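Inspection log for the structure reproduced underneath, given as structure tokens.
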Amino acid sequence: MELRNYTPFAPLVFTAEDDAGTDMGVLVLRGTFHVAPGAALRPDPDQAPVRVADEYRGAAGASSVRWESDLAPLKPRADLHLDAVAHAPAGEPTPSWTAGVRVARRDADGEPVRLVEAALRVTGPRVWRRTLAGWRLDPPAPAVRVPLVYERAYGGTVPDPDDPDLDVEYPANPVGTGFFLSKQTDAAEVDAPQIEWADAPIEAPGPDYAPAGVGPLARSWQPRLALAGTFDETWQAERAPHLPADFDFAHYNSAPPPLQAPSYLVGDETITVWGLRPDAPTVSVCLPGYQMGALLRYQDGSLKVAPLLIDTVEMDLSDPDPDEHRASVVWRGQFPGRAPLRVAEVRMELPETPPVPDAELARSLRQPLVTHG
């Protein structure tokens, strides 16, 4: 199969199967962009290739995922991923503050629609302290910056008090901080998480907090793992090596729920972040407005057009120098995989008018609206 790419972005074609076990082709296109406040994302001269493996912050499986592989065959909705650092207001040491991100656009009637929103409360270092009345969460110390990584969100892995050779993991975030078993420790204090959902404050040690963050959740963490389906003796006897009958393609959506859009992104959305850049309390950019598609020429002479839809947006705001901030947009499409494909042509259409962030929309949404569920 010949791949003709008429875009400046990096493509990849691979084969997967749908939930019925039928082969399908998948075309992924990854674009790398410069992040400039108050403007549309601008293509970067250095385009990154399609990512074929997960990138971890430390050891694979023992640290959080920084960026996830692009090799998902299908995502039911769009993910927003950020690698970012929360910066205290005015750069002054502060015990706690809010930071977050939202994605919005206007509907057909011109009304603003919020598609994605995550509001986080971040704190300086704090601890659970043992008291006669039980464990108490101490007030946080002041801080200037807090990396938004799951290692600082609620979770963790601790020794099993009944078997020192085994560990007990917090299934939603085994690399986090603050999870412990009361009978497991005689310590006077235990480190507590520094990141929480703004509408779900952590008040007491317990096993029911959703880890707060803006990066990908590992596919081995719950509840994402459960969406992969049941790999049991019935699957082995009746369906292997195909997907389980209860497999849900939502397993490929790796963003936490508040950072998953209800559907795919159109390409003209305004993205607003607050508390995530040292140079400005609020920054807005917008997607570039490109429309992508693939013209597929089969060996039998037939043609098919496969739209490529935005299902992943990544923003790397972690560098102390805002000029180094970058974003990535991933377009993805599927096509029948059984018929022999001769040529796949990847094409793009530019908007008639270059988009700019919707300033009125950004102003109307400036105050954080907490929507975490």
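The values are calculated or read from the model by the stated rules, or taken from the named source; none is laboratory data. A quick note: this is a predicted structure, and the numbers were derived from the prediction, not measured. Positions of Cβ are backbone-derived with ideal geometry, glycine not excepted, and every protein chain shown enters the neighbour counts. Heavy atoms of the whole protein, side chains included, go into the accessibility calculation; ligands, DNA and RNA do not. Shrake-Rupley method; radii C 1.70, N 1.55, O 1.52, S 1.80 Å.
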In whole Å, what are the extents of region 58-97 along the principal axes defined by its C-alpha atoms, from largest to smallest? 45, 28, 12
Normalising by the residue count of the chain, find the relative contact order in percent from Cα pairs under 8 Å and 6+ residues apart. 25
Please turn the phi angles of region 28-43 into ³J(HN,Hα) values with the Karplus equation 6.51 cos²θ - 1.76 cosθ + 1.60 (θ = phi - 60°), one per residue in order, whole Hz, x for glycine and proline. 10, 10, 10, x, 10, 9, 7, 9, 10, x, x, 9, 6, 4, 10, x
Largest fluctuation, Ala53, Ala344, Ala362 only, Gaussian network model of the chain with Cα springs under 10 angstrom, belongs to Ala53
Over the chain, with neighbouring protein chains present, the accessible area per residue in Å² at probe 1.4 Å is 46
In terms of modelled amide H atoms, which long-range or inter-chain residues lie less than 5 Å from the amide H of Gly38? Ser284, Val285
Sequence-distant residues sharing a close amide H with Val127 (under 5 Å, placed H): Asp138, Ala192
Once phi is turned into θ = phi - 60°, what whole-Hz ³J(HN,Hα) does the Karplus curve with 6.51, -1.76 and 1.60 give for every residue of region 161-175, x standing for Gly and Pro? x, 8, 8, x, 7, 10, 10, 10, 9, 7, x, 7, 6, x, 9
Expected vector for region 319-333, Karplus 3J(HN,Hα) from phi with 6.51, -1.76, 1.60 and θ = phi - 60°, integer Hz, x for Gly and Pro, equals 5, x, 8, x, 5, 8, 6, 9, 9, 10, 10, 10, 9, 9, x
Could you sort the peptides 208-220, 140-152 by per-residue average Cβ neighbour count (10 Å cutoff), highest mean leading? 208-220, 140-152
Name the long-range amide H neighbours of Asp54: under 5 Å, sequence gap of 5 or more, or other chain; modelled H, no Pro or chain starts. Ser69
Which sequence of Leu137, Leu317 reflects their accessible areas, 1.4 Å probe, from the largest down? Leu137, Leu317
Would you work out what percent of the accessible area of the chain, with all protein chains in place, is carbon or sulfur (probe 1.4 Å)? 53
Evaluate the relative contact order of region 149-254 (contact order divided by residue number), counting alpha-carbon pairs under 8 angstrom at least 6 apart; express in whole percent. 25
Tell me, how many Å apart are the Cα centres for region 108-180 and for region 216-285? 20
Taking the mean number of other Cβ atoms within 10 Å as a proxy for protection, how do you rank 120-126, 16-22 from highest to lowest? 120-126, 16-22
Taking 0.36 nm per residue of sequence separation and subtracting the Cα-Cα distance, how much length would be gained by fully extending the chain between Asp246 and Phe14, in nm to one decimal? 81.2 nm
Proximal charge balance of Pro244 [Cβ under 11 Å; K/R count +1, D/E count -1]: -4
Relative contact order of region 1-160, pairs being alpha-carbon contacts under 8 Å that are 6 or more residues apart, as %: 15
Which of these values of mean projected area of the Cα convex hull in nm² was calculated from the structure shown: (i) 21.8; (ii) 18.8; (iii) 29.1? (i)
Of Arg239, Arg130, Arg277, the one that fluctuates the most in a GNM where the chain has Cα springs shorter than 10 Å: Arg239
